[in-house]
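Worksheet: one structure, shown below.
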Amino acid sequence: MKKRILVTGGTGYIGSHTTVELQNAGYDVVIIDNLSNSHEGVLDGIEGITGIRPKFYKGDCTDYKTLEKVFEENPGIEGIINFAASKAVGESIEKPLLYYRNNLVTLINLLDLMPKYGVKGIVFSSSCTVYGEPDVNPIDETAPVKQATSPYGATKQMSEEIITDFVRSGAPIKSILLRYFNPVGAHPTALIGELPNGVPQNLIPYLTQTAAGIREKLTVFGDDYPTPDGSCIRDFIDVVDLAKAHVVAMERMLENKSEEKLEIFNLGTGNGLSVLQLIDAFQRATGVKVNYIIGPRREGDIEKIWADPKKANTVLGWKAQVPIEETMRNAWKWQVSLTEKKEK
Ligand code: WQD
């Protein structure tokens, strides 16, 4: 019998790629998503890649009854991957309560339902944002969690604490917290990818939309940082690599490969790349020029951060594999497919 997994936020960017990898690995996936930042058409993409259409519920995880119905109607859910969360840093500053409600109530509801329905483990989408501006790079999991710079970041820190406290209370569950660095790219089939709402806030969707002529120019936020070329440094991780880490984490929990009830892993490549280096990699990989200018710094940006992924490499047995050029080609292929769809 296939093991059943609930993926909240499964039609979103990372959720959809993870659903594909779970199905490819033989899991039976049930998705709940309120479609606040995605749409049902993503299910066609998942089906196109895997040949399997995951069972889908349009619903809000902040509503306990809606969520409980999913557990009632799908007996035997063994694991949860929780992607259902709001994730725009700027918006979280304007609408903090929306962020606290969506991100924290969803998590509390899920944790509350786990023992009742015998769910063994939950993989939680956390972020390198919990480290703030690191004192040293690369950064490993033992680095201190620093004061959050936005309500979005605060919800990630609080969520980690909520899970930790619940596990420590003796709740019969396991959890793995995955701290993502900067997920980028798209599935190589270009059937799923990132679908930002409105004007993108993140670098890659803005870059690919500029290359496609949807945006006039990309602004690089600052070239006066104390880094080799003056632009910020990030650890850009391919979304398919990232998705695969979730499958490994789920297996680890469900097959009791670890004694630990709670584990934390950084998911990054271990390589820091500057914003200017990334633009250059995109141009080299695709042959497409990006119109960009240097602008002022963006408030709240971290200067440089990249992962020490040794723990994930050795303990999880997972390693990022897709070279950045391939990631950039996939991001571009996806952008082109979106433009073509619009023109049809
Ligand atoms: C990357 C770099 C920008 C846009 C945030 C969250 C993080 C995460 C991903 C979840 C920075 C620069 C960007 C642009 C630019 N989580 N940039 N011009 O800020 O590292 O991380 O998103 O969803 O938790 O904090 O990602 O892609 O916004 O920026 O120069 O138009 O690109 O200044 O240095 P960030 P990003």
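The values are calculated or read from the model by the stated rules, or taken from the named source; none is laboratory data. Computed from a predicted model, the values in this text were never measured in an experiment. With ideal geometry, Cβ positions are generated from the backbone for all residues, glycine too; neighbour counts draw on all protein chains shown. Note: areas computed on protein heavy atoms with side chains; ligands, DNA, RNA excluded. Shrake-Rupley method; radii C 1.70, N 1.55, O 1.52, S 1.80 Å.
Exceedance of the 31 Å cut-off in Cα-Cα distance is limited, within the set 120/244; 244/333; 3/261; 116/310; 95/217; 261/319, to 116/310.
Placing +1 on the Cβ of every Lys and Arg and -1 on the Cβ of every Asp and Glu, with nothing else charged, gives the chain a dipole about its Cα centre of roughly 540 debye. Simple point charges give the picture: +1 on the Cβ of Lys and Arg, -1 on the Cβ of Asp and Glu, and for the range 277-333 a dipole about the Cα centre of about 140 debye. Along the range 325-333 the Karplus relation, 6.51 cos²θ - 1.76 cosθ + 1.60 evaluated at θ = phi - 60°, assigns HN-Hα couplings of 4, 5, 4, 5, 5, 5, 4, 6, 4 Hz to successive residues, with x for each Gly and Pro. Rounded to the nearest 10 degrees, what's the angle between the helix 106-116 long axis and the longest principal axis of the chain, both from Cα atoms, 0 to 90? It works out to around 30 degrees.
Calculate what fraction, in whole %, of the accessible area of the range 38-94 sits on carbon and sulfur atoms when a 1.4 Å probe is rolled over the protein chains. That fraction is 50 percent. Multiplying the residue separation of residue 202 and residue 162 by 0.36 nm and subtracting their alpha-carbon distance yields 11.6 nm. Each listed q (0.13, 0.30, 0.32 Å⁻¹) maps to a log10 I(q)/I(0) for the range 4-53 from the Debye sum over equal C-alpha point scatterers, namely -0.23, -1.24, -1.38. Per residue, the chain reaches -11500 deg cm²/dmol at 222 nm when only DSSP H runs of four or more residues are counted, each adding -39500 (n - 2.57).
Just the protein heavy atoms count here, and of the accessible area of the range 207-344 at 1.4 Å, carbon and sulfur take up 49 percent. In this rough spin-label picture, where each label sits 7 Å from Cα along the Cβ direction, the residue 93-residue 212 distance is 2.7 nm.
For the chain, the antiparallel share of DSSP beta bridges with both residues in that region comes to about 5%.
Protection proxy ranking of 170-177, 244-251, 47-54, by the mean of other Cβ atoms within 10 Å over each peptide's residues and highest first, is 244-251, 170-177, 47-54. Within the straight-line cut-off of under 20 Å between alpha carbons, the lysines reachable from residue 146 are 87, 156, 304, sequence neighbours fewer than 8 places apart in one chain being disregarded. Just to verify a number: FRET efficiency for residue 47 and residue 116, C-beta to C-beta distance, R0 = 25 Å, to 0.05? The formula returns an efficiency of 0.20 here. Separation of the range 193-211 and the range 236-298, taken as the distance between their Cα centroids, equals 16 angstrom. The mean sequence separation of alpha-carbon pairs under 8 Å and at least six residues apart, normalised by the residue count of the range 150-306, gives a relative contact order of 34 percent. Going by accessible surface with a 1.4 Å probe and the largest first, 62, 210, 149 read 149, 62, 210. Look at the dipole of the chain built from charges on Cβ: of 93, 182, 322, the Cα furthest out on the positive end belongs to 322. For the chain, the solvent-accessible area works out to 44 Å² per residue, with a probe of 1.4 Å and every protein chain left in place.
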